[in-house]
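The values are calculated or read from the model by the stated rules, or taken from the named source; none is laboratory data. Since this is a predicted model, take the numbers as computed values, not measurements. As a convention, Cβ positions derive from the backbone with ideal geometry for all residues, glycine included, and neighbour counts pool all protein chains shown. Accessible surface is based on the protein model in full, side chains and every heavy atom, while ligands, DNA and RNA are left aside. Shrake-Rupley method; radii C 1.70, N 1.55, O 1.52, S 1.80 Å.
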Amino acid sequence: MTIYSRLRPLAFKLPAETAHDLGKRALRAAGATWPTRATLRYAYRYEHPALEVDLFDTTFPNPVGVAAGFDKNAEVTHALTALGFGFVEVGTVTPYPQSGNERPRLFRLPEDEAMINRMGFNGQGMERVKARLEREGLPSIPIGVNVGKMNSSNEEEAVEDYRRVFDRLSPYADYVVVNVSCPNTPDEFDEASPGHLRTVFETLEAENDADRPLLVKVGPDSPAESLYDLVDIVEEFDLDGIVATNTTTSREGIKSDRREEWGGLSGKPLEDRSTNVIRTLAEYTDLPIVGVGGVDSAESAYAKIRAGASLVQLYTGFVYNGPSTAREINRGLVDLLQRDGFQSVEEAVGADLE
Ligand SMILES: Cc1cc2nc3c(=O)[nH]c(=O)nc-3n(C[C@H](O)[C@H](O)[C@H](O)COP(=O)(O)O)c2cc1C
């Protein structure tokens, strides 16, 4: 029995956001000094050459990253590195600090191995994130920065929001993600409409002198036709990849009474839905895909890789499985690759596609 499996029942008695804040505080303390980081690294890091992925002009030591939303303000990138993750996506970062929606706004659904959140882009804003990255230094693994808009912004202001966060934080990022798929921020306009996407991508590419890899994050609830339209625009503006997927508004098959809460559902019930989106995208485009949604084991990570994801990320699976999550997934991935005769993760990407 691991320490986390003993602590989890206690943590799960607390409101979800309180437990999450405590966990983050512990991670921040553990990541703050060299000896504590080294202890974590010794206990949790797992390395194997087959896990390395060369993508976006950098090397990911393994394909298992932390999804956006967990480290919104770049407070625990060093601790997450020591826990053996292959990369961290910081954010969503907005131009100014924002308090997000009223609490409670994060709910666990243990019967479904899921969570519902309607955080609403709470965060400290780009200046504090920039200052922290400067002060604490970048981790040794790649980081992505997920950029977002203020909740109060109209369509025109939103474009300027993305531009400003991109301008401020892209120098620190190995890749940047435009998040146009959050189901729990109040939008006066359709963030994913072709017209808006074109303006956003055009503005960011004009700003992108350093040629930073730029990706877009999509939701899991769009029909294939809309995904194809999106890929066409992504290719038109020469973006570098797609993160699939964000949380779902669907409550199909959910047992918990908490299903009545509004917001985005993540975790196990999202797994197949997001893998299907990855497959649909990968069958249509050669753009790299970062797969996210319900990853909590080597098997679930491997299914996304075989469906076409070059990297995977997780949030909910980390909450349910604790600090050994990355190590266990990576160990299991090496076994699965060997079982199927692949020399590397890269060889297995898209293996299930026709
Ligand atoms: C509490 C919470 C906050 C999140 N915040 C963000 C966010 O700020 N930006 C974003 O792009 N995705 C956000 N997400 C979505 C995750 O990045 C991910 O796409 C989704 O949770 C599916 O992955 P999972 O099933 O592994 O959790 C958030 C998810 C959760 C649970």
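Which of the residues that make up the stretch 79-113 are near the ligand (Cβ under 10 Å from one of its atoms), under 23 Å from L333 (Cβ atoms) and open to solvent by less than 10 Å² (accessible area, probe 1.4 Å)?
Result: E89, single match.
Return yes or no: is I116 touching a Gly at 6+ places or on another chain (Cβ under 8 Å) and assigned to a loop (DSSP other than H, G, I, E, B)?
Considered against the rule, which asks whether it is touching a Gly at 6+ places or on another chain (Cβ under 8 Å) and assigned to a loop (DSSP other than H, G, I, E, B), I116 comes out as no.
Can you tell me how many residues within the stretch 311-328 are touching a strand residue (DSSP E or B) at 6+ places or on another chain (Cβ under 6 Å) and away from the ligand (no atom under 12 Å from the Cβ)?
2
Quickly run through the stretch 40-55 and pick out the residues that are part of a helix (DSSP H, G or I) and either closer than 25 Å to M119 by Cα or open to solvent by less than 80 Å² (accessible area, probe 1.4 Å) (or both).
Of everything in the stretch 40-55, those that are part of a helix (DSSP H, G or I) and either closer than 25 Å to M119 by Cα or open to solvent by less than 80 Å² (accessible area, probe 1.4 Å) (or both) turn out to be L40, A43, Y44, A50, L51.
I want to confirm something. Restricting to the stretch 228-253 and keeping residues that are open to solvent by 10 Å² or more (accessible area, probe 1.4 Å), assigned to a helix (DSSP H, G or I) and more than 16 Å from the ligand (Cβ to nearest atom), which single residue is farthest from L55 (Cα to Cα)?
In this case the residue turns out to be D229.
I'm checking my understanding of the structure. Among residues of the stretch 33-52 that are closer than 20 Å to A326 by Cβ and of a type in the set (A, V, I, L, M, F, W, C), which one is farthest from the ligand (Cβ to nearest atom)?
A38
Look at the stretch 161-195 and say how many of its residues are open to solvent by 30 Å² or more (accessible area, probe 1.4 Å), assigned to a helix (DSSP H, G or I) and touching a helix residue (DSSP H, G or I) at 6+ places or on another chain (Cβ under 8 Å).
Number satisfying all stated conditions: 6.
I need a count of the residues in the stretch 164-182 that are farther than 25 Å from I141 by Cα and in contact with a Leu (Cβ under 9 Å, 6 or more places away or on another chain).
Summing the residues that are farther than 25 Å from I141 by Cα and in contact with a Leu (Cβ under 9 Å, 6 or more places away or on another chain) in the stretch 164-182 gives 1.
Any chance the stretch 301-317 includes a residue that's open to solvent by 40 Å² or more (accessible area, probe 1.4 Å) and farther than 26 Å from S226 by Cβ?
No, the conditions are met nowhere in the stretch 301-317.
Can you give me the number of residues within the stretch 3-39 that are among the basic types (K, R) and surrounded by 14 or more Cβ atoms within 10 Å (Cβ to Cβ)?
4
Taking the residues in the stretch 196-221 that are touching a Leu at 6+ places or on another chain (Cβ under 8 Å) and assigned to a helix (DSSP H, G or I) as candidates, determine which candidate is farthest from the ligand (Cβ to nearest atom).
Of everything passing the filter in the stretch 196-221, E205 is farthest from the ligand (Cβ to nearest atom).
Considering only residues that are in contact with a Ser or Thr (Cβ under 8 Å, 6 or more places away or on another chain) and of a type in the set (D, E, K, R), look in the stretch 58-78 and name the one that is most open to solvent (accessible area, probe 1.4 Å).
The extreme case among them is K72.
Looking only at the stretch 265-285, filter to residues that are surrounded by fewer than 21 Cβ atoms within 10 Å (Cβ to Cβ), part of a helix (DSSP H, G or I) and hydroxyl-bearing (S, T, Y); which one of those is nearest to the ligand (Cβ to nearest atom)?
Among residues in the stretch 265-285 that are surrounded by fewer than 21 Cβ atoms within 10 Å (Cβ to Cβ), part of a helix (DSSP H, G or I) and hydroxyl-bearing (S, T, Y), the one nearest to the ligand (Cβ to nearest atom) is T280.
Within the stretch 142-160, how many residues are more than 18 Å from G69 (Cα to Cα) and open to solvent by less than 70 Å² (accessible area, probe 1.4 Å)? Explain how you work it out, then say what you get.
Our first condition is that a residue be more than 18 Å from G69 (Cα to Cα); within the stretch 142-160, this holds for 152-160.
Narrowing further to those that are open to solvent by less than 70 Å² (accessible area, probe 1.4 Å): 153, 158-159.
The number of residues fulfilling the criteria is 3.
Does any residue of the stretch 61-78 turn out to be touching a residue at least 40 places away in the same chain (Cβ under 8 Å), away from the ligand (no atom under 15 Å from the Cβ) and hydrophobic (A, V, I, L, M, F, W, C)?
no
Table: residues versus (1) under 14 Å from the mean Cα position of the chain (by Cα); (2) more than 14 Å from the ligand (Cβ to nearest atom).
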{"position": "K255", "(1), (2)": "no, yes"}
{"position": "G263", "(1), (2)": "no, no"}
{"position": "L287", "(1), (2)": "no, yes"}
{"position": "A309", "(1), (2)": "yes, no"}
{"position": "N330", "(1), (2)": "no, yes"}
{"position": "R339", "(1), (2)": "no, yes"}
{"position": "S344", "(1), (2)": "no, yes"}
{"position": "A348", "(1), (2)": "no, yes"}
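Take V295 and tell me if it is open to solvent by less than 10 Å² (accessible area, probe 1.4 Å), over 18 Å from M115 (Cα atoms) and within 10 Å of the ligand (Cβ to nearest atom).
Criteria not met by V295.
Select, from D352, D335, the only residue that is in a helix (DSSP H, G or I) and of a type outside the set (F, W, Y).
Just one listed residue meets the conditions, D335.
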